[in-house]
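Q: Attaching a single structure in structure tokens format; questions to follow.
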Amino acid sequence: GVRPGSPADKGGLKAGDLIVEFGGEKIKNVQGYTAALYSKKPDDQVKVVVLRGDKREKVELTVTLGRRGETSQ
């Protein structure tokens, strides 16, 4: 899921999106995603590519990273 007000929410990610690229890194598993995420800093803008919906449409988004657990509602 995507928490309301989170950087992911503000960047346009939706529940069910499958992240396949993060900051130019191909994501193959949760370990790869974690490594890519931790290579960035808060306030970095990151290109995120997701597969969305039943047809797995490729969608490119830009997310501005926040601090861990940060939301602003």
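The values are calculated or read from the model by the stated rules, or taken from the named source; none is laboratory data. The structure presented is a predicted model; accordingly, all values stated were derived computationally and were not measured. When we count neighbours, we look across all protein chains shown, and the Cβ atoms used for this are built from the backbone with ideal geometry, even at glycine.
Q: Report the residue count in segment 1-33 for those that are without any contact (Cβ under 8 Å) to a residue 24 or more places away in the chain and in contact with a Gly (Cβ under 8 Å, 6 or more places away or on another chain).
A: 3
Q: Which of the residues belonging to segment 25-35 are more than 24 Å from Pro4 (Cβ to Cβ) and either surrounded by 11 or more Cβ atoms within 10 Å (Cβ to Cβ) or at pLDDT below 95 (or both)? Write out each step before concluding.
A: Restricting attention to segment 25-35, the residues satisfying the condition of being more than 24 Å from Pro4 (Cβ to Cβ) are 25-26, 28-29, 31-32, 35.
Glu25, Gly32, Ala35 - these are the residues of segment 25-35 that are more than 24 Å from Pro4 (Cβ to Cβ) and either surrounded by 11 or more Cβ atoms within 10 Å (Cβ to Cβ) or at pLDDT below 95 (or both).
Q: Kindly indicate which of Val50, Val63 is in contact (Cβ under 8 Å) with a residue 40 or more places away in the chain, touching a strand residue (DSSP E or B) at 6+ places or on another chain (Cβ under 7 Å) and either in a loop (DSSP other than H, G, I, E, B) or under 15 Å from Val2 (Cα atoms) (or both).
A: Testing whether each residue is in contact (Cβ under 8 Å) with a residue 40 or more places away in the chain, touching a strand residue (DSSP E or B) at 6+ places or on another chain (Cβ under 7 Å) and either in a loop (DSSP other than H, G, I, E, B) or under 15 Å from Val2 (Cα atoms) (or both) leaves just Val63.
Q: Select from segment 36-47 the residues that are touching a Gly at 6+ places or on another chain (Cβ under 9 Å) and part of a loop (DSSP other than H, G, I, E, B) and write down the one among them that is surrounded by the most Cβ atoms within 10 Å (Cβ to Cβ).
A: Here the residue is Lys40.
Q: Taking Gly12, is it in contact with a strand residue (DSSP E or B) (Cβ under 8 Å, 6 or more places away or on another chain), surrounded by 12 or more Cβ atoms within 10 Å (Cβ to Cβ) and among the small types (Gly, Ala, Ser)?
A: The answer is yes for Gly12.
Q: Can you find, within segment 5-24, the residue that is modelled with the highest pLDDT among those that are part of a helix (DSSP H, G or I) and within 13 Å of Val49 (Cα to Cα)?
A: As a first pass, look at segment 5-24 and keep what is part of a helix (DSSP H, G or I): 7-11.
Retained after the next criterion (residues that are within 13 Å of Val49 (Cα to Cα)): 8, 11.
On the way: Ala8: 94, Gly11: 97.
Residue satisfying both the conditions and the ranking: Gly11.
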